[in-house]
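Following: one structure in structure tokens, then a few remarks.
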Amino acid sequence: MAIVLKRPEQIRLMREAGKIVAEVLAVLAETVRPGITTADLDRIAERIIRKHGAVPSFKGYRGFPASICVSVNEEVVHGIPGPRVLQEGDIVGIDVGARYRGYHGDATVTVPVGRISPEAEKLLRVCREALEIGISYARAGNRLTDISHAIQRHVEANGFSVVRNLYGHGIGRALHEEPMLPHYGPPGQGPLLRPGMVITIEPMIAAGRPETRLLPDRWTVVTADGSLSAQFEHTVAITENGPEILTLP
């Protein structure tokens, strides 16, 4: 499947979708506290998304039953919201997608629940930094895996690992488009980055080893060794003037 380059008007719509996603994440980050359930977060998110005339990108996608993904502690991605009660010391990955006027925005943050361990604090900081570094390489003329290599180098230099077999991706009218973006690997490979490309950059990192396993719900991916995991994500447009983050307030 070919990479779809977006016109300025299409990127404008994606920017609007991204603002909705950013608002949801900001509200949920403030809402997270001990005693709240992951289903509570899902209800709040869907209400905000629909208030703006958008629809949740994830609800019903390949059968996913909720509006957002909520992944706690060793859960890497695709956690299904439900009755789980958040506890002091947990870390919570919140992945939000919204489709507005036919175009998607997609972003993730990982937030602490109350006071967390020094290791968890470092994990969140390094993952956030890895996203920022990856975005800085999302420039026309670079190759796709220049982003991948920069992320892996920073994560491993800080003693953590990059989760394998989970990727960033192109995004637009479809939630998942080409190209698929690994967050590890050698530089200088993959397609040339060109103005009009829009991708998600979403490093998923683990405090322990990079291997994962899938839970019986067929959605939730966890670290195989039970170590903590974090994810941060933005939707990013490649422009002639450098990367533009579309999932900002």
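The values are calculated or read from the model by the stated rules, or taken from the named source; none is laboratory data. Note that this is a predicted model, so its numbers are computed, not measured. For neighbour counting, all protein chains shown are included, and Cβ atoms are generated from backbone atoms with ideal geometry for every residue, glycine included. These area figures cover heavy atoms from the full protein model, side chains too; ligands, DNA and RNA do not enter into them. Shrake-Rupley method; radii C 1.70, N 1.55, O 1.52, S 1.80 Å.
Considering only strands (runs of 3 or more DSSP E) fully contained in segment 209-249, which possess at least 2 residues that are hydroxyl-bearing (Ser, Thr, Tyr)?
Fully inside segment 209-249 and qualifying: 234-239.
Residue check, Val55 against (1) more than 16 Å from the chain's Cα centre (by Cα); (2) among the aliphatic types (A, V, I, L, M); (3) open to solvent by less than 30 Å² (accessible area, probe 1.4 Å), all met but one. Which one?
Tallying (1) more than 16 Å from the chain's Cα centre (by Cα); (2) among the aliphatic types (A, V, I, L, M); (3) open to solvent by less than 30 Å² (accessible area, probe 1.4 Å), Val55 fails exactly one: (3).
If we scan segment 187-204, do we find a residue that is surrounded by fewer than 21 Cβ atoms within 10 Å (Cβ to Cβ) and either touching a His at 6+ places or on another chain (Cβ under 6 Å) or within 23 Å of Ala120 (Cα to Cα) (or both)?
yes
Test Glu211 against the criterion of being in contact with a strand residue (DSSP E or B) (Cβ under 8 Å, 6 or more places away or on another chain), closer than 16 Å to Asp106 by Cβ, of a type outside the set (Phe, Trp, Tyr) and open to solvent by 30 Å² or more (accessible area, probe 1.4 Å), and give yes or no.
Criteria not met by Glu211.
Quick one: count up the residues across segment 2-43 that are among the β-branched types (Val, Ile, Thr), open to solvent by 30 Å² or more (accessible area, probe 1.4 Å) and assigned to a helix (DSSP H, G or I).
1
Criterion first (surrounded by 21 or more Cβ atoms within 10 Å (Cβ to Cβ) and either more than 18 Å from the chain's Cα centre (by Cα) or in a loop (DSSP other than H, G, I, E, B) (or both)) does Ala174 satisfy it?
No.
Tell me which residues, restricted to segment 96-110, are within 14 Å of Ala22 (Cβ to Cβ) and open to solvent by less than 20 Å² (accessible area, probe 1.4 Å).
Within segment 96-110, Val96, Gly97, Ala98, His104, Gly105, Asp106, Ala107, Thr108 meet the criteria.
For the subset of segment 231-249 comprising residues that are open to solvent by 40 Å² or more (accessible area, probe 1.4 Å) and over 10 Å from Ala138 (Cβ atoms), which member is modelled with the lowest pLDDT?
Filtering first and then ranking leaves Pro249.
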